[in-house]
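Data first, discussion second: the structure below is written as structure tokens.
The values are calculated or read from the model by the stated rules, or taken from the named source; none is laboratory data. Small disclaimer: the values here were computed from a predicted structure and weren't measured. A quick note on method: Cβ atoms are made from the backbone with ideal geometry, for glycine too, and the neighbour counts reach across all protein chains shown. Surface areas here come from the heavy atoms of the whole protein model, side chains and all, with no ligands, DNA or RNA. Shrake-Rupley method; radii C 1.70, N 1.55, O 1.52, S 1.80 Å.
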Amino acid sequence: MTYSDHHYPITLKESYIAHHHVLEYYQSYAEMFGLNKIIMYHMRVTQVNPMEHNQWLLKVKNLKTNTETSTCYDCVFVCNGRFKDGYIPKIPGQNLFNGSQIHSHAFRVTDPYKGQRVLIVGGHHSGQDIATLICKVANHVYISSREELKVVVPDNLTQKPEVTGFTKCSALFNDGSMEQIDSVVYCSGYLYTCPFLTERCGVKVENNGIAPLYKQIVNIEHPTMFFIALPYVGIGPTTFDLQVRFAMELLEEKFKLPSKEAMLEEWEKFLEMKHKENVPKKHIHRIDNGRAAEIYAEDLAVTANVFKLPPVLFKIFERVLLKRDRMNYRIIDDENFEVTIP
């Protein structure tokens with residue numbers, strides 16, 4: 001979770017850190033590079049349109065004054081992320097349930113769940129992590145998941161199959177079982193949205209992704225627009241840092257893009273590969289294993305002729321995916337790491 005030009009404090013020894021440490025890291029990054037001087041806070045981009053000569057016209061609304069201005073730019077980086085609009089599946093009886101229902105995006109502390117029976121809907125990373133936290137204060141936690149859990153399961157945590165419905169005070173599951181519950185936390189993913197992009201931008205937000213893109217970054221129709229951080233589950237900020245370096249090398253004309261036809265052909269091959277791997281269209285940007293993450297990162301580095309990410313990062317990522325046991329990891333060299341008990 002580290003950018004190439006700024007590291008976490010050496011005094012921080014844990015590998016699994018608290019959210020406030022991450023926030024402090026980003027704040028220190030912004031301070032180190034003077035970003036607060038150029039970030040326009042309380043401003044919302046409402047519309048993006050391409051102009052002549054590969055330039056862009058952006059309409060921006062000041063949320064304090066409620067006024068709107070238009071400004072011309074040479075390029076646009078879309079970095080709005082994919083963890084804002086939480087997806088809550090429609091399940092029969094949700095409106096009947098008397099308890100609390102929130103998406104994981106709104107989860108902050110465990111206090112509201114003290115002594116409760118809590119249902120976690122979704123068993124991926126956030127679901128498992130939040131379930132582990134709530135278990136410390138709850139009477140019992142049920143986690144609805146299609147996949148086997150990869151965390152150490154406390155005595156008061158029970159895995160359940162898919163939720164099929166709710167009553168006023170219980171949840172029903174597709175194996176015919178029912179559990180009495182007090183609260184629900186939906187760890188069911190996010191919807192990727194770009195409401196400011198117009199049709200003229202040449203890309204579509206469809207199936208929870210963006211199409212068509214070169215290397216999941218460059219707008220093929222208008223190659224001075226870049227999308228950062230679309231790939232998810234992978235090694236996050238480290239990959240995003242590489243994506244930005246890829247785009248900067250292109251802007252500085254240190255390498256050239258293939259023809260539009262060649263880029264579209266590569267995009268179609270990418271979609272075909274995902275189809276053969278039985279990846280649902282809504283997960284085309286998902287990178288869920290170390291080898292896939294390494295192949296993607298190496299492709300970017302080779303294409304842009306920038307330094308490659310060390311293989312040890314992908315080895316750690318693969319180990320964490322297989323076993324989320326909250327061990328400490330120490331990098332020995334570009335190839336090797338060691339695991340120690342906290």
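Quote the FRET efficiency, to the nearest 0.05, computed for residue 105 versus residue 70 with a Förster distance R0 of 35 Å and r equal to the Cβ-Cβ distance.
0.65
Pairs to check: 282/308; 59/215; 254/281; 37/59; 90/281; 64/84. Give those whose C-alpha atoms are more than 24 Å from each other in this structure.
In this structure, 282/308; 59/215; 254/281 lie more than 24 Å apart at Cα.
Calculate what fraction, in whole %, of the accessible area of the chain sits on carbon and sulfur atoms when a 1.4 Å probe is rolled over the protein chains.
The computed percentage sits at 54.
For the chain, take N as its residue count and report Rg(C-alpha) divided by 2.2 N^0.38 Å.
1.10
Using the Cα atoms as the points, what is the convex hull volume per residue of region 1-67 in Å³?
So the per-residue Cα hull volume is 160 Å³.
Out of 180, 216, 243, any idea which swings most in a Gaussian network model of the chain, alpha carbons joined below 10 Å?
Fluctuation is largest for 180.
For region 120-211: lysine pairs with Cα atoms under 25 Å, gap of 8 or more or different chains, count?
Close lysine pairs found across region 120-211: 4.
With point charges of +1 on the Cβ of Lys and Arg and -1 on the Cβ of Asp and Glu, referenced to the Cα centre of the chain, which listed residue (122, 209, 273) lies farthest in the positive direction of the dipole?
About the Cα centre, the residue reaching furthest to the positive side is 122.
Leaving ligands and nucleic acids out of the surface, order 125, 285 by accessible area at 1.4 Å, largest first.
Largest accessible area first, the residues go 125, 285.
Over region 11-115, average the accessible area per residue using a 1.4 Å probe and give it in Å², no decimals.
Value returned for region 11-115: 72 Å² of accessible area per residue.
What is the Rg over Rh value, at two decimals, for region 39-78, using alpha-carbon atoms and the Kirkwood definition of Rh?
Checking Rg against Rh, the ratio lands at 1.00.
What shape does region 233-279 have by the C-alpha gyration tensor, where a ≥ b ≥ c are the square roots of the eigenvalues, rounded means a/c under 1.5, and otherwise prolate means a/b greater than b/c and oblate the rest?
oblate
Placing +1 on the Cβ of each Lys and Arg and -1 on the Cβ of each Asp and Glu in the chain, which of 25, 76, 47 has its Cα farthest towards the positive end of the resulting dipole?
47
When the helix-only estimate is applied to the chain (DSSP H runs of n ≥ 4, each -39,500 (n - 2.57), divided by the residue count), what is the mean residue ellipticity at 222 nm, nearest 500 deg cm²/dmol?
Taking each H run of at least 4 residues, the total per residue is -8000 deg cm²/dmol.
Under a straight-distance cross-link criterion of Cα-Cα below 17 Å, which aspartates and glutamates are reachable from residue 269, leaving out those fewer than 8 residues away in the same chain?
261, 277, 299
Got a sec? Charge dipole of region 300-342, +1 on Cβ for Lys and Arg, -1 for Asp and Glu; which of 314, 331, 342 is way out at the positive end?
Towards the positive end, the residue furthest out is 342.
Give the shape of region 11-157 as rounded, prolate or oblate, defined through the alpha-carbon gyration tensor: a ≥ b ≥ c are the square roots of its eigenvalues, a/c under 1.5 means rounded, and otherwise the shape is prolate if a/b is larger than b/c and oblate if not.
prolate
Averaged per residue, what accessible surface does region 194-342 expose to a 1.4 Å probe, in Å²?
Per-residue value: 53 Å².
Restrict the search to region 123-207; then list the trypsin sites (Lys or Arg not before Pro) that DSSP places in a loop and that have at most 11 other Cβ atoms within 10 Å of their Cβ.
Those that pass, being in a loop and sparsely packed, are 146, 168.
Once a ≥ b ≥ c are taken as the square roots of the eigenvalues of the Cα gyration tensor of region 220-342, is the result rounded (a/c under 1.5), prolate (a/b larger than b/c) or oblate (a/b not larger than b/c)?
oblate
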